[in-house]
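Shown next, in structure tokens, is the structure this report addresses.
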Ligand code: SF4
């Protein structure tokens, strides 16, 4: 039987991961949110940090959003942290700290999609909902030679139907872990060792020689470029100071701090760069800096956006005559305690 075979394989070959030693839904939820769009190696240290800093859902709910964003710093996709915090508050304050225990109730939590709900429902509550991540799509597409492009809700429904026939109803959690590990470790995107695979007899893609054709990827999304000019504005009198501003609502970096930003539709030519940015700065600060120099240019890739960020360093003798309302002057040492975007963190680390 498929489930016995894959669970036996998992018992011998499965990965040891800290969130697999628990059936605490709060820890499982934390691990699943952290691991969305994050490699396991990187996710592990964040998981350990969150469990230590917020040992229960009430600890997470009682923390400020700024504190949670700071703990999340470096993981990217910050909406995950904001949703995690909002859902923790909902569980702690509206549900008396009781983690929801049905698939539908778990799915209704902010930031939880079908994959995450199935993972929590099966790992923590033993409910028979199959998980479908990229590794599972690949394995099932190959085993059954399915050509439906993956990653759409239509594909999810189709693969879920197949998996509902395969899932071990007595051991859904271990079945789900097994199928994800098998897809990741054995049925790899390229160069998988099919001759030594436990499913080589029944795998239709192997039989027909189309293993690397599958799964079919959805049409790739056009990536748009955005051009950011960040001003690193500082002065040293009476003490070393830097200017920051906080990202507003409705933004992927909402709540994070960054350097004052000037965004344009098209990149500014090198020959007029300092002149144009100098004018922007004079409008913002009411005067010209003593020094304005071009700093590093960093590229930051997101799923649908590539950000080209040019940094410019502006040095004033002391606090300028004015600042925009959203700007905040901080002592340099204070910056370390605030949540900042990965792009700004990279820039500051490069200095
Ligand atoms: S035979 Fe190859 S393609 Fe088929 S399940 Fe095994 S590793 Fe994947």
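The values are calculated or read from the model by the stated rules, or taken from the named source; none is laboratory data. Please read these numbers as outputs of a predicted model, since none were measured by experiment. All Cβ positions, even for glycine, are placed from backbone atoms using ideal geometry, and neighbour counts span all protein chains on display.
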Of everything in segment 212-228, what is touching a strand residue (DSSP E or B) at 6+ places or on another chain (Cβ under 8 Å) and surrounded by 18 or more Cβ atoms within 10 Å (Cβ to Cβ)? Give them in sequence order. 228
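In contact with a strand residue (DSSP E or B) (Cβ under 6 Å, 6 or more places away or on another chain) and assigned to a loop (DSSP other than H, G, I, E, B): which single residue out of 296, 289 fits that description?
Selected residue: 289, the only one of 296, 289 that is in contact with a strand residue (DSSP E or B) (Cβ under 6 Å, 6 or more places away or on another chain) and assigned to a loop (DSSP other than H, G, I, E, B).
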Any chance residue 231 is surrounded by 13 or more Cβ atoms within 10 Å (Cβ to Cβ), modelled with pLDDT of 95 or more and part of a loop (DSSP other than H, G, I, E, B): no
Please go through segment 169-211 and pick out each residue that is part of a loop (DSSP other than H, G, I, E, B) and either crowded, with 20+ Cβ neighbours inside 10 Å or near the ligand (Cβ under 8 Å from one of its atoms) (or both). 186, 187, 188, 192, 193, 197, 198, 199, 200, 203
Any residue at all in segment 247-256 that's assigned to a loop (DSSP other than H, G, I, E, B), within 30 Å of residue 64 (Cα to Cα) and more than 19 Å from the chain's Cα centre (by Cα)? yes
Looking only at segment 151-161, decide whether some residue is outside any helix (DSSP H, G or I), touching a residue at least 40 places away in the same chain (Cβ under 8 Å) and either at positive phi or buried (at least 22 other Cβ atoms within 10 Å of the Cβ) (or both). yes
Counting only residues that are touching a helix residue (DSSP H, G or I) at 6+ places or on another chain (Cβ under 8 Å), farther than 24 Å from residue 135 by Cα and not assigned by TED's automatic domain parsing to the domain that holds residue 253, give me the helices (runs of 4 or more DSSP H) lying completely in segment 1-113 with at least 2 of them. 40-53, 57-62, 65-72, 79-89
For residue 217, only one of the following conditions fails: (1) in a loop (DSSP other than H, G, I, E, B); (2) more than 16 Å from the ligand (Cβ to nearest atom); (3) modelled with pLDDT of 90 or more. What is its number? (3)
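Residues are listed down the side, and each one gets a yes or a no for (1) over 26 Å from the mean Cα position of the chain (by Cα); (2) surrounded by 15 or more Cβ atoms within 10 Å (Cβ to Cβ); (3) part of a loop (DSSP other than H, G, I, E, B):
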site	(1), (2), (3)
272	yes, no, no
277	yes, yes, no
307	no, yes, no
310	no, yes, no
325	yes, no, yes
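Mind checking which residues of segment 133-150 are in a loop (DSSP other than H, G, I, E, B) and either within 16 Å of the ligand (Cβ to nearest atom) or on the phi > 0 side of the Ramachandran plot (or both)?
133, 144, 145, 146, 147, 150
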Per the filter on segment 248-267, residues surrounded by 17 or more Cβ atoms within 10 Å (Cβ to Cβ) and at pLDDT 90 or above are 256, 257, 258, 259, 260, 262
